[in-house]
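What follows is one structure encoded as structure tokens, with my remarks underneath.
No value in this document is a laboratory result; all are computed from the given coordinates. This one's a predicted model, so the numbers in the text were calculated from it and none came from an experiment. Methodologically, a virtual Cβ is constructed for each residue, glycine included, from the backbone with ideal geometry; neighbour enumeration extends over all protein chains shown.
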Amino acid sequence: MLEIKDLSFTVNEDNHQKDIIHNLSLTIENGKFVVITGPNGSGKSTLARLIMGIEKPISGQILFDGTDITELDVTERAKLGISFAFQQPVRFKGIRVKDLLRLAAGKNLSVAAACNYLSEVGLCARDYIDREVNSSLSGGELKRIEIATLLARHTKLSVFDEPEAGIDLWSFQNLIRIFEKMRREIEDSSILLISHQERILEIADEIVVLSGGQITERGTPAEIMPLLIGQSAPVSACQKLQ
């Protein structure tokens with residue numbers, strides 16, 4: 001379980017302190033698929049980076065399974081079972097896909113086991129297992145390989161920062177199928193996803209709306225989606241990816 005208590009984060013802008021996250025509190029139970037949405041500049045991606053330890057808050061606490069992780073770095077949080085998927089996945093020239101999956105799993109995965117993870121994200125294993133994780137891969141391919149590494153890690157909390165960013169509509173539709181499958185199979189772990197996309201919001205267990213660095217709404221898709229209709233926060237896949 002993730003517990004965020006009175007979290008605040010500021011940046012220095014034109015010699016003035018600007019609040020990005022302000023006294024934010026949020027609990028994410030195990031076994032939940034939670035989507036955070038809101039207008040641009042509302043603090044969504046900053047919150048994701050604070051959870052992973054990429055940024056440090058100026059005040060407040062972050063607890064993970066009862067342990068205070070507020071001062072822990074990225075590596076220490078990863079060891080506790082938190083994974084993070086960037087908006088733009090990192091490319092690793094010289095590293096093959098199967099090697100990346102083995103690093104993620106923390107053991108010498110067999111080729112068959114590595115191929116299983118690729119198959120789970122809709123990639124033909126024989127076409128990708130020996131490819132380098134470099135610029136020869138498209139944005140959609142990189143996204144799915146990154147998700148495969150998260151599956152290989154079996155983490156307790158997976159955080160995705162706008163996974164739909166920079167990919168085409170076909171790849172987006174494949175991502176939706178992957179997240180639907182992850183939601184069905186979620187057990188004692190949790191998924192936290194930052195997104196504007198209506199299709200992703202619709203499959204969430206819970207939607208959290210951020211504005212001005214604070215939570216303004218929280219509830220099920222049936223409760224929150226009607227409130228968002230006509231606002232600029234969620235958009236359809238066609239609008240975003242055309």
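Think of the chain as having a plus end and a minus end, set by charges on the Cβ of Lys, Arg, Asp and Glu; of Ile186, Leu227, Leu175, Leu175 sits farthest toward the positive end of this dipole. Counting Lys and Arg as +1 and Asp and Glu as -1 over every other residue whose Cβ lies under 13 Å from the Cβ of Lys98, the net charge comes to +1. Taking the charge dipole of the chain about its Cα centre, with +1 at Lys and Arg Cβ atoms and -1 at Asp and Glu Cβ atoms, the residue from Gly66, Val209, His154 reaching farthest to the positive side is His154.
The ranking of Lys156, Lys143, Lys181 by Cβ neighbour count inside 10 Å, starting from the fewest, reads Lys181, Lys156, Lys143.
Only alpha carbons enter this Debye calculation for the range 56-99, each as an equal point scatterer, and the log10 of I(q)/I(0) it gives at q = 0.23, 0.28 Å⁻¹ is -0.91, -1.08. What's the local net charge at Asn134, with K and R +1, D and E -1, over the other residues with C-beta under 12 Å away? Counting the neighbours of Asn134, the net charge comes to +2.
Candidates Ser45, Asn15, Ile82 compared by Cα position along the dipole of the range 2-241: farthest toward the positive end lies Ile82, with charges placed on Cβ.
A cut-off under 11 angstrom between Cβ atoms defines the neighbours of Gly38, and their net charge, with Lys, Arg +1 and Asp, Glu -1, is 0. Restricting the range 3-94 to trypsin sites (Lys or Arg not before Pro) that sit in a DSSP loop and have at most 13 other Cβ atoms within 10 Å of their own Cβ leaves Arg91. With neighbour counts taken as other beta-carbon atoms within 10 Å, the residues Cys115, Cys124 rank, fewest first, as Cys124, Cys115. Separation of the alpha carbons by more than 23 angstrom is noted, of Lys56/Lys107; Lys5/Lys143; Lys156/Lys181, for Lys56/Lys107; Lys5/Lys143.
The gain in end-to-end length when the Thr216 to Ile95 segment is fully stretched comes to 39.3 nm, 0.36 nm per residue minus the alpha carbon separation. Under the simplified labelling scheme, the Glu132-Val74 pair shows an inter-label distance of 2.2 nm, with each label point 7 Å from Cα along Cα→Cβ. For Tyr128, Tyr117, the sequence from fewest to most other C-beta atoms within 10 Å is Tyr128, Tyr117. The charge dipole of the chain, taken about its Cα centre with unit charges on the Cβ atoms of Lys, Arg (+1), Asp and Glu (-1) only, comes to about 840 debye. Placing a pseudo-label 7 Å from each Cα along the Cα-to-Cβ vector at Thr67 and Asn23 gives an inter-label distance of 3.1 nm. To the nearest ten degrees, helix 169-185 and the longest principal axis of the Cα atoms of the chain are 80 degrees apart. Of the two radii for the chain, the radius of gyration is 0.96 times the Kirkwood radius, both from the alpha carbons; that is the Rg over Rh value.
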